[in-house]
Amino acid sequence: MRRKKNKPRPRAKQGFPENSGNPVPRRPVRKIRPTYRSVTGQMWSAKNQRHVGFESFGEKRVFLALEMDPLVLNYCEQPVSISYTDAEGIERSYTPDVLVTYDQELCSLPPLLAEFKYSRELMDERKWRRLQPKLQAGLEFAKANDLYFTLWTEQNLDPDHHHHVNALRALLRGPVDPAMETLILSRLQSMGQTTVEALVTALQEEAAPESVRRATWGLIASAKIHADFIAAGHPSTRIWPLNEGAAHV
């Protein structure tokens, strides 16, 4: 029988050195392995310039949303292993799903440590009892390290947005040419809120329309241009520079 211990403060077991200025983990501390219980896999992340692993379709949707969020600088899946002691005095380990770092030039949001669960899991009494001490450990660890901690479910994800993100990623085939990117962003800055097709027309004497169109959608897909989606690829989609905030209705 294991002897009960006094409950210590949750601490980083791996991946996130405490009292070190909150360096952002660049690699996951736990390798995601295939399982028959859920959809696992990898996707390319432009934010992180590497493949990121996911343990469910819901996690993949979260990562796709983060890819499209212009405020997000980068993120790391399975970022830290948190050691904590459960109610029975047994030491255990908890690994949150993602740590999100925001661009401090665009906002003042602190890094976000998050867990994703399907809402049906939260309704299962047995699973909820197992999850509660993990969430408490995550919350206490976040407070001790100047982070924000939250729990996401599929109800936090917009299904229409997910559809557009997937469609946009299909349009994005490799990075946009730097010269074309500079040309498009410079003209968009002077035009302000406009449409994809209006931007293409404005640049038709400087670059081939199809090249401008393809590059513009690539910049939207990589969150360098804001868009008010009608449908991914639709010429009437409204676009505007990042520094203009939300679109005017």
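Distance between the modelled labels on SER186 and LYS127, one decimal in nanometres: 5.3 nm (7 Å Cα→Cβ projection). Were the residues from ASP228 through ALA144 laid out at 0.36 nm apart, the gain over their Cα-Cα distance would be 26.4 nm. When peptides 55-62, 215-222 are sorted by average Cβ neighbour count within 10 Å, with the highest value leading, the order is 215-222, 55-62. Amide H contacts of GLY41 (H built 1.01 Å from N, in plane; Pro and chain starts excluded): PHE54 sit under 5 Å, all sequence-distant by 5 or more or on other chains.
Mind running the shape call on the range 100-151? Use the C-alpha gyration tensor, a ≥ b ≥ c as the square roots of the eigenvalues: rounded below 1.5 for a/c, prolate if a/b tops b/c, oblate otherwise. Cα axes put the range 100-151 in the oblate bin.
With a ≥ b ≥ c the root eigenvalues of the C-alpha gyration tensor of the range 173-244, is it rounded (a/c under 1.5), prolate (a/b larger than b/c) or oblate? Cα axes put the range 173-244 in the rounded bin. Extension gain for ASN156-GLU91 works out to 20.2 nm (0.36 nm per residue, less the C-alpha to C-alpha distance). Our coupling estimate for the range 127-135, obtained by passing each phi through the Karplus curve with A = 6.51, B = -1.76, C = 1.60 and θ = phi - 60°, is 5, 5, 4, 6, 7, 3, x, 5, 5 Hz, Gly and Pro reported as x.
Laboratory data are not the source of any read-out in this text; all were calculated from the coordinates shown. Please read all numbers here as calculations on a predicted model, not as lab measurements. Cβ coordinates were reconstructed from backbone atoms using ideal geometry, including for glycine residues, and neighbour counts include every protein chain displayed.
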